[in-house]
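In what follows, a structure is listed as C-alpha cells, so that the remarks can point back to it.
The values are calculated or read from the model by the stated rules, or taken from the named source; none is laboratory data. Worth saying up front: this structure is predicted, and the values here are computed from it rather than measured. Every residue, glycine among them, receives a Cβ derived from its backbone with ideal geometry; neighbour counts consider all protein chains shown.
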Amino acid sequence: MNDSMRRATAILLVILGGAALWWAGNGAPASASANDAMVATVAAAREHAAANDPRLKGASRFEEGGWIYVHLEGDPGAMGYQHGYLLAPEIEDGFAAVSAGMVHSTRRDWEFFRKAAHEMLWPKIDAEYQQELQGIVEGLRARTGSKLDVDDIVAFNAFEELPDYYVPWLNKQQRAANAPNLKSPGNCSAFVATGSWTKDGQIVMAHNNWTSYRNGERWRIVFDIAPKSGYRMLMDGFPGVIASDDDFGINSDGLMVTETTITQFEGWDPNGKAEFVRARKALQYAGSIDEYTKIMLDGNNGGYANDWLLGDRKTGEIAQLELGLKAYKLWRTKDGAFAGSNWARDPKVLKVDTPEFDPDNKESSPNARRARWEELLKENKGKIDVALAEKMLGDHADTAQKKEEANERTLCGHVDGSPRGVKQWGWQAYYPGGAVQGKATDAAMTKEMRFVARMGHPCGGDFLAKPFLAAHPEYAWEEPYLRDMKAGPWTEFRSGQASKE
Ligand SMILES: [Zn+2]
C-alpha cells in the first residue's frame with residue numbers, strides 16, 4: 001500500500017468507526033437528531049483526517065491587530081491546500097459577500113461567472129496556479145465540506161476583473177438592452193518615493209486600499225508565501241485569492257509593488273491571461289522593474305487595469321507602469337516620487353483606454369487626491385519615511401473645498417459621508433466604501449521582509465454598519481454582508497513570523 005492509499009484507508013476507518021458508534025447508540029436512524037449526530041460525526045472525522053494531511057506541514061496561522069497572518073510553503077498544490085484549509089471560514093464568508101456583489105451589480109447570475117471562469121480564464125492560467133487554485137478547493141472542502149468547486153474559486157479570484165471589465169465589454173459586444181451602467185473601479189491612494197525625497201535616500205512605499213466596506217472589512221489577510229519556485233513574498237490579501245489584489249507586496253529579491261486603479265478604463269481581451277494570475281506571477285518571479293513589466297504585459301487582458309508603482313531596493317530605482325490595454329507607459333527614476341489616486345496621465349492611455357475620464361475636473365475624487373499628493377509629497381520632500389507615510393494615508397485634506405473633511409476626495413476616503421458619491425466609479429451618494437486598510441514599508445524593511453499595516457480606515461476612524469443602514473435604506477441589500485469596520489493599530493508583520501502566544 002502506498003502512502004496515499006494508507007491515508008485514505010485510515011480516513012475511511014475513522015468515518016466507519018463514527019458511523020458504527022452512531023448506529024450502536026441510536027438504533028432508530030429515522031430521527032432528525034440522530035441524523036444530525038451522524039453528520040456531525042462524519043464532519044469531525046473529516047476535519048481530523050484533514051488536519052493530519054501532510055500537505056499542511058510547515059503552514060501556520062495567527063491573528064494580530066485585526067489581521068490574519070498565514071504562512072504558506074511548498075509546491076503549488078500544497079500551498080493551495082494550506083490556504084484553503086487555514087482560511088476556510090473566511091473564504092466561505094468572503095465568497096458569499098463578493099459573489100453577492102458581482103451578481104447584484106451586473107444582473108448576471110453566478111452560473112454566468114462560473115462559465116466565464118471555466119471557458120475563458122482557466123485554459124490560460126499557468127499550470128502552477130491551476131494547481132494552487134485546485135489545492136484551495138481541496139483544502140476548503142477537507143476543512144468544511146464546502147460545495148465550492150474550482151470554477152467558483154477562479155471566478156471569485158477574478159472579482160476585480162470579471163464584473164467591471166469583462167461584463168461591460170460583453171454588454172457592448174452583445175448590444176445588451178437595459179444593461180446596467182457598469183464602471184471600472186477606482187481603488188486606492190498610494191505613493192513610492194526615493195533619492196532626495198526620502199529621509200534616508202532609499203525607497204519608501206505606502207498604499208491604502210479603497211473598496212466597498214462590504215469587501216474591504218474582509219481584506220485582512222497577511223500572506224507570507226515561501227513557494228517551491230520563485231521568490232519569497234509578503235503581501236496583504238483577500239481570503240481565497242492568490243494575488244494580493246489591492247495590491248501591496250514585497251519579495252525576497254527586493255522588489256516592492258503597489259498600484260492604484262485607472263478610473264473609467266474601458267476594454268477587455270477575452271484571449272488574454274487573467275490579471276490576478278499575472279499580478280501574482282510578477283510578484284513571485286520578478287527581480288527587477290523590467291522583469292515585472294514583462295510579466296504584466298505577457299497576455300495583458302485589460303482586466304483590473306492599474307497604474308503600478310514599483311521599487312527595486314537593490315538599485316534604489318522606482319517606476320510607474322501605467323498599464324492600459326491598447327497603450328501603456330513606463331516612467332522610472334532614482335530621484336523622485338510617483339503618486340497614484342486612480343488617474344491616468346499618459347496622453348495616449350488617456351485617449352485610447354480611458355476616453356470618458358476628465359483629467360481637468362478638480363472636483364473629482366481622483367484629481368482632488370492627485371493635487372493633495374503633489375502638495376503633501378512636496379511639503380515633505382527629504383523627510384519622507386514610514387512614520388510619515390502612515391500619517392499621509394490617513395490624511396483628510398479636501399483640495400477642492402480647501403478644508404479638512406473626511407470625504408470622497410481625501411487620501412483616506414470616507415465616501416459614506418459624501419452626498420456626492422463618486423460618479424466616475426458608479427458609487428452613488430453615501431456609498432459605503434472608501435479606504436479600508438493601509439500598509440507601508442521602506443527599502444531597509446523590505447530587505448528584512450517586513451511591512452506595517454493597519455486594518456480599517458488608516459486615520460483610525462470606525463465605520464458602524466447598523467446606524468449607516470438605518471440612515472441609508474437604499475443600501476439595504478448589503479445588510480446580510482455589511483459589518484462594522486473598526487480600525488486596528490498600526491502593526492508590523494514580517495516573513496517567518498510566529499504568533500506571540
Ligand atoms: Zn479617514
Report task. Go through (1) more than 13 Å from the ligand (Cβ to nearest atom); (2) touching a residue at least 24 places away in the same chain (Cβ under 8 Å); (3) not acidic (Asp, Glu) and name the single condition Ala435 misses. Result -> (1)
Query raised in the report: Residue check: is Val349 within 30 Å of Ala117 (Cβ to Cβ), within 16 Å of the ligand (Cβ to nearest atom) and surrounded by 20 or more Cβ atoms within 10 Å (Cβ to Cβ)?
Result: no
Query - In the stretch 266-281, the residues that are aromatic (Phe, Trp, Tyr) and over 21 Å from Tyr231 (Cβ atoms) - result: Trp268
Report task. Determine which member of the set Phe248, Phe223, Phe238 is closer than 21 Å to Cys459 by Cα and touching a residue at least 12 places away in the same chain (Cβ under 8 Å). Result -> Phe248
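Tell me which residues, restricted to the stretch 77-111, are among the hydrophobic types (A, V, I, L, M, F, W, C) and crowded, with 17+ Cβ neighbours inside 10 Å.
Within the stretch 77-111, Ala78, Met79, Leu86, Leu87, Ala88, Ile91, Phe95, Ala97, Val98, Met102 meet the criteria.
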Query raised in the report: at pLDDT 95 or above, closer than 20 Å to Trp67 by Cα and away from the ligand (no atom under 16 Å from the Cβ), is that true of Gln428?
Result: no
Report task. Tell me, yes or no, whether the stretch 369-376 has at least one residue that is within 15 Å of the ligand (Cβ to nearest atom) and within 29 Å of Lys314 (Cα to Cα). Result -> yes
Query - Unique residue being farther than 30 Å from Phe451 by Cα and within 23 Å of the chain's Cα centre (by Cα) when the list is Glu478, Glu492, Glu474 - result: Glu478
Query raised in the report: In this structure, is Ala397 more than 25 Å from the chain's Cα centre (by Cα), farther than 20 Å from Arg214 by Cα, within 16 Å of the ligand (Cβ to nearest atom) and among the hydrophobic types (A, V, I, L, M, F, W, C)?
Result: yes
Query raised in the report: Which condition number does Arg232 fail, the rest of (1) surrounded by fewer than 20 Cβ atoms within 10 Å (Cβ to Cβ); (2) over 30 Å from Ala444 (Cβ atoms) being met?
Result: (2)
Query raised in the report: Only one of Ala339, Ala344, Ala368 is assigned to a helix (DSSP H, G or I), within 25 Å of the chain's Cα centre (by Cα) and hydrophobic (A, V, I, L, M, F, W, C); which?
Result: Ala368
Query raised in the report: Looking at this structure, is Gly461 assigned to a loop (DSSP other than H, G, I, E, B), free of Cβ contacts under 8 Å to residues at least 60 places away in the same chain and over 15 Å from Arg220 (Cα atoms)?
Result: yes
Requested in this report: Only residues that are away from the ligand (no atom under 16 Å from the Cβ) and closer than 11 Å to Trp490 by Cβ: list them for the stretch 438-465, please.
Outcome: Phe451, Val452
**Report entry** Test set (1) on the phi > 0 side of the Ramachandran plot; (2) free of Cβ contacts under 8 Å to residues at least 24 places away in the same chain; (3) within 16 Å of the ligand (Cβ to nearest atom) - Asn407 fails condition number
**Finding:** (1)
Requested in this report: Inspect all residues belonging to the stretch 394-416 and state whether any of them is out of contact with any strand residue (DSSP E or B) (no Cβ under 8 Å at 6 or more places or on another chain) and part of a helix (DSSP H, G or I).
Outcome: no
Query raised in the report: Which condition number does Glu390 fail, the rest of (1) within 26 Å of the chain's Cα centre (by Cα); (2) within 16 Å of the ligand (Cβ to nearest atom); (3) without any contact (Cβ under 8 Å) to a residue 24 or more places away in the chain being met?
Result: (3)
Query raised in the report: Checking Ala498 against (1) touching a His at 6+ places or on another chain (Cβ under 7 Å); (2) in a loop (DSSP other than H, G, I, E, B), which single condition isn't satisfied?
Result: (1)
